[in-house]
Number of protein chains: 2
Amino acid sequence: MTIGSEDRALATAAALDASDPLARFVDRFVVDDPELIYLDGNSLGRLPRATAERLAELVRTEWGSGLVRSWEHWIDLPAEVGDRLGAALLGAAPGQVLVADSVTVNLYKLAMAALDRAVATDPARRVLVTDDDNFPTDRYVLAAVAARFGGELRIVPSDPVHGPDPERLAAAVGPDVAVVSLSHVAYRSGAMADMAAVNEMARAAGALTLWDLSHAAGSVMIDLDGTGADLAVGCTYKYLNAGPGAPAYLYVRRDLSDRLASPIPGWFAAADQFAMGPTFDPLGGVGRFAAGTPSMLGVTAVDEGVRLLAEAGIESVRAKGVALTSFLIDLVDDRLAPLGFEVATPRDATRRGAHVSLAHPEAQPICEALIGQAGVVGDFRAPDRLRLGPAPLSTRYAHVAEAIDRVVALVEAGGHLAPEASAGSDH
Amino acid sequence: MTIGSEDRALATAAALDASDPLARFVDRFVVDDPELIYLDGNSLGRLPRATAERLAELVRTEWGSGLVRSWEHWIDLPAEVGDRLGAALLGAAPGQVLVADSVTVNLYKLAMAALDRAVATDPARRVLVTDDDNFPTDRYVLAAVAARFGGELRIVPSDPVHGPDPERLAAAVGPDVAVVSLSHVAYRSGAMADMAAVNEMARAAGALTLWDLSHAAGSVMIDLDGTGADLAVGCTYKYLNAGPGAPAYLYVRRDLSDRLASPIPGWFAAADQFAMGPTFDPLGGVGRFAAGTPSMLGVTAVDEGVRLLAEAGIESVRAKGVALTSFLIDLVDDRLAPLGFEVATPRDATRRGAHVSLAHPEAQPICEALIGQAGVVGDFRAPDRLRLGPAPLSTRYAHVAEAIDRVVALVEAGGHLAPEASAGSDH
């Protein structure tokens, strides 16, 4: 598709919106300012209307009236919502997904557990492998875990657009490797790793895989069980629309869970929680990776976000994500390339997630001015990337076309060079 | 005070309520069923009206409208609320308290950090000390940390009513001890440890103290700075009324924080979070013990709970807690002792927190029947304890008198022996 003008782009967008089978889902989200174009669903997803209502009901009735008695049903919710999340979005059969803690803490728990087991089996196996474009928390946590075991975090260079090279990755995974940990969709470039291929490569080398699904869950098809993934973590405040700092989740393959022990044995992971006995006897299955008291507001918001995605169907969500990002990339080629923008996300739709990264030397002031002056919310990622994440459930094609218009208008007028541009946010 | 009859108890309660300087705070909480007597504020505190409103506003406006732009102010909230909590309730100057994660995870982070430092300084110092009546999560986590360092968790026997014996505790703290970790107020008995004396004893032995303040914060006077405490953690869903699974907090003494490293180096603890550089460079101060993205609903609920307690003043809250538990104990002696109940909490008010534990061979069915049939919510703790926690801000003396009436009526009628008693909850 080539689009010759602003008018043609808007007409194309209108046609795409008219035939969008998920169009009705846009109205399932709270929108106070119809002029605001929100393309940062890859950072913090919009608020579903149902979530606002259910949280109010939870606070007022379950906490306010039910009080401590509500734990009777709350206590099972992290595992129940984990099961629903696993079935709807992760390709995980029941009993393998738990909503708990943050991505950082879950990644730590699973990496430590994997290393404990690896070293006990083979003391020479204490290397973790990741790539240099992985999310900061992942690299920091994996490095700390490696150091604790006197091991090494082996960091494979990544292509800044296409992600880790499969051959270089395979070359790094020798008999000394315990865990290969990658993001399924890269936070900056949006590049999607081949989960099945990496799982197979790691298994052949005797290593476990530990996936970060934060930018993948709710945006692309994931089949943890089917591709033979071992371990995974992910956040819920992006495409799962569960709100700022909502709890994360973790996945432990069924036949692996009873062979792993959490490094942080909390009372919510005890087989008989209220026996409060002298020693820790863990639950079977993924439940043993719980720690302290889970946030019921958080778990409930995850539940609503998952229900919404399940209703839409992840196949349809993925199809719209491909179409939205393809439309966006076409418009960038046509109208933003002349202004110095470069697509820094794979052009092959099967190799990317649901956000698009654009490289521009002035990406940071442009991002700030877009937010502060133009009513277009994307985000900046160092050193020179503008990320635009048109979350499939809450974004219309018209939003994408209008956003590009506003970028063109801003940059052509030099609006990002004005002093007030710095008033915007880049969080 | 001796009370001869039900009528005299109600009259005494009415007089106490009439002169209660905190009486007006009872109406600051949501109460849907005025017949329900809620004496489980030591497990899950009641919902403050202001919290319900502020959470709705946060969801609808800050998340729903502000979207990712709200991180501009959200990002500082865990430290800001930590400072307010420290000032109002913990005796902690700014920069030492952070709202984050769960008690379990925070205890793990601080115990690991303390052991890392201890072993680096003196490889022979790898013992942790606690007592056998400490909360399960604390014992489980401390044992796991000790095991990871090839050390030992030295468990001092506790008196089931009065808590750890100071002499036995001191005898256990030799030159091989890195950390002494106790609950300030014991979860079951309500016994309060002498924080100043334990801090001094530990310091003299070259060990750090790590306090669990979960049952103490918001119920008793705490002076972490003044008594020379080193490290502390605590929950917010009890007397801080922040709701089910609200985030916990941690305290690290100012001059200690830069000498300790978190075992879980997450991106929220990085000195320049959005530089996302190749290596982890931690924040100075307590902020380095952050991990992943904090729950903004949770942190905000903590803020409201702390503001309410700060408005009442912890001295007044403590005075009412002493008066309520004294009144309760008097009534137990007078009316429940003949039915086989025994006070299993220190009678010296300076040695207990704000809840009272009663031993009874049939405590579990009695607790279930009280909840299911009599509209009195307390909780059961193994093996034979009924805990009654009249949270000072949300409880009237009349609630205590009426609760005792209902216990007498239930047990005299044998209501707890009926089959339907098991329909109640003991969470």
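With its label point defined 7 Å out from Cα along the Cα-to-Cβ axis, A:GLY174 lies at 4.5 nm from the matching points of the other copies, in increasing order. Please give the Cα centre distance for segment A:7-30 versus segment A:249-318, rounded to the nearest Å. Distance between centres, Cα-based: 37 Å.
Simple spin-label estimate for A:ASP223 and A:ARG168 gives 2.9 nm between the two label positions (7 Å along the Cα-to-Cβ direction from each Cα).
Here B:LYS109 is the anchor, and the lysines within straight C-alpha reach of less than 29 Å, apart from those fewer than 8 places off in the same chain, are A:LYS109, A:LYS238, B:LYS238. Scanning residues 5 or more positions from B:ASP258 or on other chains, those with amide H under 5 Å from its amide H are B:GLY285, with H placed 1.01 Å from N in the peptide plane. Summary for B:ALA147: label point 7 Å along Cα→Cβ; distances to the equivalent points in the other copies, ascending, 2.5 nm. Coupling constants for segment B:205-216 follow from the phi torsions by the Karplus curve (6.51 cos²θ - 1.76 cosθ + 1.60, θ = phi - 60°), and in residue order they are 8, x, 9, 8, 9, 9, 8, 9, 9, 3, 8, 9 Hz; glycine and proline get x. Taking all protein chains into account, the per residue accessible area for segment A:196-267 stands at 24 Å² (1.4 Å probe). The accessible surface of segment A:9-91, taken with every protein chain in place and a 1.4 Å probe, is 55 percent carbon and sulfur. Shape of the protein assembly as shown from the C-alpha gyration tensor: prolate (a/c of 1.5 or more and a/b above b/c, with a ≥ b ≥ c the square roots of its eigenvalues). Buried between B and A is an accessible area of approximately 6600 Å², summed over both sides with a 1.4 Å probe.
Counted residue by residue at 0.36 nm each, then reduced by the alpha carbon distance between them, the extension gain from B:PHE274 to B:ASP258 reaches 3.6 nm.
The charge dipole of the protein assembly as shown, taken about its Cα centre with unit charges on the Cβ atoms of Lys, Arg (+1), Asp and Glu (-1) only, comes to about 960 debye.
When segment B:332-400 is described by a simple charge dipole with +1 on each Lys and Arg Cβ and -1 on each Asp and Glu Cβ, the residue from B:TYR397, B:PRO338, B:GLY372 located farthest towards its positive end is B:TYR397. If only the Cβ of Lys and Arg carry +1 and only the Cβ of Asp and Glu carry -1, the dipole of segment B:236-294 around its Cα centre is close to 260 debye. Mean separation of Cα pairs under 8 Å and 6+ residues apart, divided by the residue count of chain A: what relative contact order is that in percent? Relative contact order of chain A: 22 percent. A point 7 Å from Cα along Cα→Cβ stands in for B:GLY313, and the other copies hold the same point at 6.5 nm, listed in rising order.
Whole-Hz Karplus values for segment A:69-74 come out as 5, 5, 4, 3, 9, 4 Hz, taken residue by residue from phi with 6.51 cos²θ - 1.76 cosθ + 1.60 and θ = phi - 60°; glycine and proline positions read x.
For B:ASP133, the residues whose modelled amide H falls within less than 5 Å of its own, excluding neighbours fewer than 5 places apart on the same chain, are B:SER158. For a test of the definition: using alpha carbon positions, the gyration tensor, and the 1.5 limit on a/c, classify segment B:174-284 as rounded, prolate or oblate. In terms of gyration-tensor shape, oblate. Using θ = phi - 60° in the Karplus curve 6.51 cos²θ - 1.76 cosθ + 1.60, the 3J(HN,Hα) couplings for segment B:377-383 round to 9, x, 9, 9, 10, 4, x Hz; x is entered for Gly and Pro.
Computed over segment B:293-354, relative contact order equals 30 percent, with contacts defined as Cα pairs under 8 Å that lie 6+ residues apart.
Based on the alpha-carbon gyration tensor of segment B:89-230 and its eigenvalue square roots a ≥ b ≥ c, which shape applies: rounded if a/c is under 1.5, prolate if not and a/b is larger than b/c, or oblate? Since a/c stays below 1.5, the shape of segment B:89-230 is classed as rounded.
For segment A:313-427, the relative contact order works out to 30 percent when only alpha carbon pairs closer than 8 Å and six or more residues apart are counted. Looking at the P(r) of chain B, how many percent of alpha-carbon pairs lie beyond 38 Å? Summing the P(r) of chain B above 38 Å gives 24 percent of all pairs. Only one residue of A:ALA56, A:GLY82, A:THR12 has its Cα farthest out toward the positive end of the dipole of segment A:7-111, where Lys and Arg carry +1 and Asp and Glu -1 on Cβ, and that residue is A:GLY82. The apolar share of the surface of segment B:139-191, taken as the fraction of accessible area on carbon and sulfur atoms (1.4 Å probe, ligands and nucleic acids excluded), comes to 55 percent. Each Lys and Arg adds +1 at its Cβ and each Asp and Glu adds -1 at its Cβ; summed about the Cα centre, segment A:323-415 shows a dipole of about 340 debye. With the convex hull constructed from alpha-carbon coordinates only, segment A:311-427 shows a mean projected area of 7.1 nm² over all directions. Cα centroid separation, segment A:340-402 to segment A:170-225: 25 Å.
The values are calculated or read from the model by the stated rules, or taken from the named source; none is laboratory data. Because the structure is a prediction, the values reported are computed rather than measured. Please note: Cβ atoms are built from the backbone with ideal geometry, for glycine as well, and neighbour counts cover all protein chains shown. Ligands, DNA and RNA are excluded from the accessible area calculation, which covers all protein heavy atoms including side chains. Shrake-Rupley method; radii C 1.70, N 1.55, O 1.52, S 1.80 Å.
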